[in-house]
Amino acid sequence: MYGFCCCRVVIDNNACEDATVIQVDSVNKHGILLEVVQVLTDMNLTIRKAYIASDGGWFMDVFNVVDNDGNKIRDKEIIDYIQRRIETSAGFVPSRRGSVGVMPSEEHTSIELAGTDRPGLLSEVCAVLADLRCNVVNAEIWTHNTRAAAVVHVTDDLTGCAITDPKRLLMIKDLLCNVLKGNDDLKTAKTMLSAPGVMHRERRLHQIMFADRDYERVEKTGVRAVEETSSRPQVNLLNIEKDYTVITMRAKDRPKLLFDIICTLTDMQYVVFHGMVNTTRMDANQEFYIRHVDGLPISSEAERVRVIQCLEAAIERRVSEGLELELCTEDRLGLLSDITRIFRENSLCIKRALISTKGGKAKDTFYVTDMTGNPVDPKIIDSICRQIGRSALQVKHNRSSLAPKPPHQETTMSYLFGNLFKARTFQNFKLIRSYS
């Protein structure tokens with residue numbers, strides 16, 4: 001059931017020199033911040049700055065955004081579309097928690113997977129789907145902290161529609177579950193098949209990883225462990241006057257970072273009352289004043305540690321490790337199975353993948369390393385490109401070699417105490433906006 005709430009969206013290209021300013025005023029509802037941020041990230045907009053204020057019954061946020069090229073949003077049709085999307089998302093809020101983003105569809109069957117990550121896992125999954133005449137129309141695969149999760153949308157190869165036969169669905173589920181279990185899965189592998197429908201894919205991936213407890217860090221040894229520790233996000237929590245828990249975070253900036261954080265806080269049943277986001281060329285600094293939905297700040301050390309671990313995991317899940325490969329070619333049944341088999345036979349490990357098809361064309365992106373997590377030998381990549389076809393498979397970026405060493409910066413805690421003196425600016429911000 002849905003309830004309507006008043007929402008006003010103003011999009012201004014004159015208020016800021018280098019960004020489009022989007023101001024959202026709405027009746028406050030739990031989850032509304034995630035809805036708005038989700039719209040912006042789905043439009044591939046980069047959020048450079050944000051000011052969040054939702055104390056009381058009113059939600060008042062400002063976002064400074066740019067497009068993929070770092071420019072303002074000037075196309076009137078796109079501006080109108082963004083405005084309509086935000087007003088629709090913020091104006092109609094599901095009355096039941098956890099059902100955000102569910103839309104009816106007869107186009108495909110959604111398969112959700114979770115299990116222990118291992119080399120060749122995606123290849124085995126794709127081979128099973130191809131053998132069962134399931135055509136993968138789009139999918140997203142994440143790996144983090146020895147765990148793997150995927151949301152895969154498939155159609156029946158014969159009908160091009162969703163698979164609805166209960167016996168066939170059960171067979172798909174059983175065979176995929178056997179693949180995910182492997183020989184030594186210490187955790188229970190999970191396979192879920194939903195009835196025809198669409199759920200926000202990236203939010204589901206966060207939920208799947210969270211349920212699989214990927215935030216419980218597995219200790220690593222060696223040089224890479226030191227490198228990972230030095231590049232990990234900084235997350236700190238502090239309670240203020242028993243009113244709020246203040247979270248400060250510093251991480252390397254990347255697309256959809258704010259969505260990943262707000263998604264995790266919302267699904268953990270925390271409410272952001274105030275917040276600030278500021279990005280530089282390399283980093284993103286974020287500060288949020290939160291309470292649990294029961295109105296209380298974080299009250300125990302165990303809860304504090306868990307929130308820190310979960311936010312670190314949310315930031316790290318989408319980090320693109322290794323070499324980025326892009327496949328553009330004619331789509332066909334078994335294409336993904338063939339491509340991932342070639343990767344496996346050449347000892348490539350897929351860290352993350354985004355699969356999409358449109359108009360009979362497949363456009364897939366893979367982030368790969370060697371089996372030990374190190375950069376791939378260029379000779380192996382050259383061999384793979386020859387096997388698949390140089391016009392079909394292109395090398396985009398090497399994330400490992402492009403990542404610059406972070407400069408010396410103030411600690412997260414010093415950033416926090418610097419902003420504690422500005423806490424009252426949230427009240428000033430609300431007051432100024434109420435007179436504007």
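The values are calculated or read from the model by the stated rules, or taken from the named source; none is laboratory data. Every value quoted in this text rests on a predicted model; they were computed, and no experiment measured them. We place every Cβ from the backbone using ideal geometry, glycine too, and count neighbours over all the protein chains shown. Areas reflect the complete protein model, heavy atoms only, side chains present, ligands, DNA and RNA absent. Shrake-Rupley method; radii C 1.70, N 1.55, O 1.52, S 1.80 Å.
Laid out as a table, the results:
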{"item": "In segment 284-305, the residues that are of a type in the set (V, I, T) and out of contact with any strand residue (DSSP E or B) (no Cβ under 8 Å at 6 or more places or on another chain)", "result": "V305"}
{"item": "Residue match in segment 47-70 (condition: at pLDDT 95 or above, under 22 Å from the mean Cα position of the chain (by Cα) and within 30 Å of A148 (Cβ to Cβ))", "result": "yes"}
{"item": "Residue in segment 8-23 that is open to solvent by 30 Å² or more (accessible area, probe 1.4 Å) and at pLDDT below 85 present", "result": "no"}
{"item": "Hey, E124 open to solvent by less than 30 Å² (accessible area, probe 1.4 Å), at pLDDT 95 or above, charged (D, E, K, R) and outside the structural domain of T266 (by the TED database) or not", "result": "no"}
{"item": "Selection from segment 149-185 of residues that are in a helix (DSSP H, G or I) and among the aliphatic types (A, V, I, L, M)", "result": "L169, L170, M171, I172, L175, L176, V179, L180"}
{"item": "Evaluation of D117 against (1) of a type in the set (D, E); (2) surrounded by 19 or more Cβ atoms within 10 Å (Cβ to Cβ); (3) at pLDDT 95 or above (one fails), failing number", "result": "(3)"}
{"item": "Segment 20-46: number of residues that are over 23 Å from the mean Cα position of the chain (by Cα) and in a loop (DSSP other than H, G, I, E, B)", "result": "1"}
{"item": "Enumeration of residues in segment 222-253 that are open to solvent by 80 Å² or more (accessible area, probe 1.4 Å) and either at pLDDT 90 or above or touching a helix residue (DSSP H, G or I) at 6+ places or on another chain (Cβ under 7 Å) (or both)", "result": "K252"}
{"item": "Residue ranges of strands (runs of 3 or more DSSP E) in segment 277-383 with at least 1 members open to solvent by 60 Å² or more (accessible area, probe 1.4 Å)", "result": "323-330, 348-358, 361-370"}
{"item": "Filter result for the condition that a residue is at pLDDT below 95 and of a type in the set (S, T, Y), over S401, S383, S337", "result": "S401"}
{"item": "Close pairs from segment 72-88: first basic (K, R), partner in a helix (DSSP H, G or I), Cβ under 6 Å, at least 6 apart", "result": "R85/V39"}
{"item": "Some residue of segment 272-292 being in contact with a His (Cβ under 9 Å, 6 or more places away or on another chain) and farther than 21 Å from K49 by Cβ", "result": "no"}
{"item": "Condition met for P255 (closer than 30 Å to D377 by Cα and not in a strand (DSSP E or B))", "result": "yes"}
